[in-house]
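The values are calculated or read from the model by the stated rules, or taken from the named source; none is laboratory data. Everything quoted here is computed from the prediction, not taken from an experiment. For neighbour counting, all protein chains shown are included, and Cβ atoms are generated from backbone atoms with ideal geometry for every residue, glycine included. Please note that ligands, DNA and RNA were not included when accessible areas were found on the heavy atoms of the full protein model with its side chains. Shrake-Rupley method; radii C 1.70, N 1.55, O 1.52, S 1.80 Å.
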Amino acid sequence: LLYGPSRPEDELRMFGVVARSNMVVAIRKLCTVLRNMGLESELDKESQENGGEGMTCRQAYDELMKYLVDKTATDSEPHVPPDDWVGLIPRAGLTANADAKQFLAHHKCIKIVWESKTMKRVWDRRASLNVVDGHKEFLDDITRIASPEFRPTKRDVLIARVRT
């Protein structure tokens, strides 16, 4: 993997889908635990403290709950931009492709919630959630992975968790 020949592009694309899917799986678990811990009011406080422009962490969290956790959104299915290098890869599976599309549609909200102080408290409990430590690297690099030019690195391939 590390020292052999480079991977074919279709395989790298599959790992791109998997990396994006891994983030959605992780943020679903983390947001669910945030709610179960009763920390939504902490997001409200944090949103008031930060104020200012753009989406608050509570608004971003509410969107993630609606689209990724509770799945109560009635909007149409998200799509992958035609210029996205990774695209959708049947080999990755239906679930991973669906999650990758959700990632692209909601990556800004995921980034806002991930960077909140409240989510850092939830992350400290990750061992009890079955969230892979390596996914932190993906979550810390959301902007790169959401980019239409994203091509997985060897490190991305190593930490991507492929469902079997």
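Results for (1) in contact (Cβ under 8 Å) with a residue 24 or more places away in the chain; (2) farther than 19 Å from residue 149 by Cβ, shown as yes or no for each residue.
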site: 60; (1), (2): yes, yes
site: 75; (1), (2): no, yes
site: 85; (1), (2): yes, no
site: 99; (1), (2): yes, yes
site: 105; (1), (2): yes, no
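All of 94, 129 fail the test of being farther than 17 Å from residue 64 by Cα and in contact (Cβ under 8 Å) with a residue 60 or more places away in the chain, apart from 129.
Which one is least open to solvent (accessible area, probe 1.4 Å), of the residues in the range 37-58 that are assigned to a helix (DSSP H, G or I) and modelled with pLDDT under 90? Of everything passing the filter in the range 37-58, 47 is least open to solvent (accessible area, probe 1.4 Å). Right, residue 89: touching a His at 6+ places or on another chain (Cβ under 8 Å), of a type in the set (A, V, I, L, M) and touching a residue at least 60 places away in the same chain (Cβ under 8 Å) or not? So residue 89 fails the test.
When the criteria are applied in full, residue 26 fails the requirement of being in a loop (DSSP other than H, G, I, E, B) and among the aliphatic types (A, V, I, L, M). Only helices (runs of 4 or more DSSP H) whose full extent lies in the range 59-164 are considered here, and the ones with at least 2 residues that are within 22 Å of residue 32 (Cβ to Cβ), open to solvent by 30 Å² or more (accessible area, probe 1.4 Å) and out of contact with any helix residue (DSSP H, G or I) (no Cβ under 7 Å at 6 or more places or on another chain) are 94-114, 117-123.
Would it be correct to say that residue 70 is without any contact (Cβ under 8 Å) to a residue 40 or more places away in the chain and within 17 Å of the chain's Cα centre (by Cα)? First the steps, then the outcome.
Details: without any contact (Cβ under 8 Å) to a residue 40 or more places away in the chain: yes; within 17 Å of the chain's Cα centre (by Cα): yes.
Considered against the rule, which asks whether it is without any contact (Cβ under 8 Å) to a residue 40 or more places away in the chain and within 17 Å of the chain's Cα centre (by Cα), residue 70 comes out as yes.
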